[in-house]
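Working notes for the structure below.
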Amino acid sequence: MSNVFVLDHPLIQHKLTYIRNKNTGTKEFRALVDEVSALMAFEITRDLPLEEKTIETPVTEAVTKVISGKKIGLVPILRAGLGMVDGMLRLIPAAKVGHVGLYRDPETLQPVEYYVKLPTDIEERDFIVIDPMLATGGSANDAIHSLKKRGATNIKLMCLIAAPEGVEVIQKEHPDVDIYLAALDERLDEKGYIIPGLGDAGDRLFGTK
Ligand code: URA
């Protein structure tokens, strides 16, 4: 699993335990997902290239560093991905946020895009697709295809929790996409839930169950 990175920072792992706990209510769940997203953003952006910049400090001239190169685009998978956007934007405030709404046609089983709104400068951006729960991998796979079709060449996938089944799909379809996780769980159950997982991320974020 060479392109899979489990971010095992103690703060991420500690907070994930409370996120998983069924007794954690909506307000706390939302706050914890937001905090973990910011911590994950810190790790995911480790490889951003830097360039030198000469500035004047109050005492002298200094050659310092700033991030160079491409700009970042975030693409949350609806709906649970929305819960991770604000945490990411706290660390990467200049990022633009695109949306790709997809469903599977029940007859053809082909993905249908019902809403796509992306930054106009796709080729100039590195994208981070955000799917909190990588279960079968279907939605993330379709969203990545959709981005590539429009010219995106550098894409990372960020998930809170993944099942091995979902990871396998992304690795097969998109070997160029690095996958960043807070945890790689055991498996999917017969209903498509990740085991042990955290339940339905969208419902827990938005209090709909
Ligand atoms: N989506 C969720 O929200 N949870 C799962 O366990 C699987 C998919």
Label-to-label distance, nm, for residues given as ASN3 and HIS99 (7 Å Cα→Cβ offset): 2.8 nm
Overall form of region 4-206 per C-alpha gyration tensor (a/c, 1.5; a/b vs b/c): oblate
Nearest-10 value in Å² for the accessible area of GLU56, using the 1.4 Å probe: 140 Å²
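Compute the signed sum of charges (Lys and Arg +1, Asp and Glu -1) over the other residues within less than 13 Å, Cβ to Cβ, of GLY207.
Working: positive: LYS27, ARG30, ARG79, ARG204, LYS209; negative: GLU28, ASP200, ASP203.
Charge balance in the 13 Å sphere: +2.
Give the carbon-plus-sulfur fraction of the accessible surface of region 114-185 in %, rounded to a whole number; probe 1.4 Å, heavy atoms of protein chains only. Before the final figure, lay out each step's value.
Working: 1360 of 2710 Å².
Result for region 114-185: 50 percent of the exposed heavy-atom area is carbon or sulfur.
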In nm, spacing of pseudo-spin labels at LYS71 and LYS148 (7 Å Cα→C-beta vector): 2.5 nm
Accessible heavy-atom area order of HIS9, HIS99, HIS174, highest first, probe of 1.4 Å: HIS9, HIS99, HIS174
Heavy-atom surface of the chain, accessible at 1.4 Å and reported per residue (Å²): 54 Å²
For LYS70, solvent-accessible area (1.4 Å; no DNA, RNA or ligand), Å²: 80 Å²
Among LYS156, LYS71, LYS117, residue whose mean-square fluctuation peaks in a GNM of the chain (springs only between Cα atoms under 10 Å): LYS117
Exposure ranking of LEU184, LEU48 by accessible area [1.4 Å probe, largest first]: LEU184, LEU48
Relative contact order (%) - criterion: Cα under 8 Å, at least six apart; region: region 4-206: 22 percent
Residue of LYS65, LYS148, LYS22 that the Gaussian network model of the chain assigns the largest fluctuation, springs spanning Cα pairs under 10 Å: LYS65
MRE, 222 nm, helices only [DSSP H, n ≥ 4, -39500 (n - 2.57), over the chain, to nearest 500]: -9500 deg cm²/dmol
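The values are calculated or read from the model by the stated rules, or taken from the named source; none is laboratory data. Since we're looking at a predicted model, the values are computed, not measured. Because the Cβ atoms are built from the backbone with ideal geometry, glycine has one as well, and the counts that use them run over all protein chains shown. Side chains included, ligands, DNA and RNA excluded: accessible areas come from the protein's heavy atoms. Shrake-Rupley method; radii C 1.70, N 1.55, O 1.52, S 1.80 Å.
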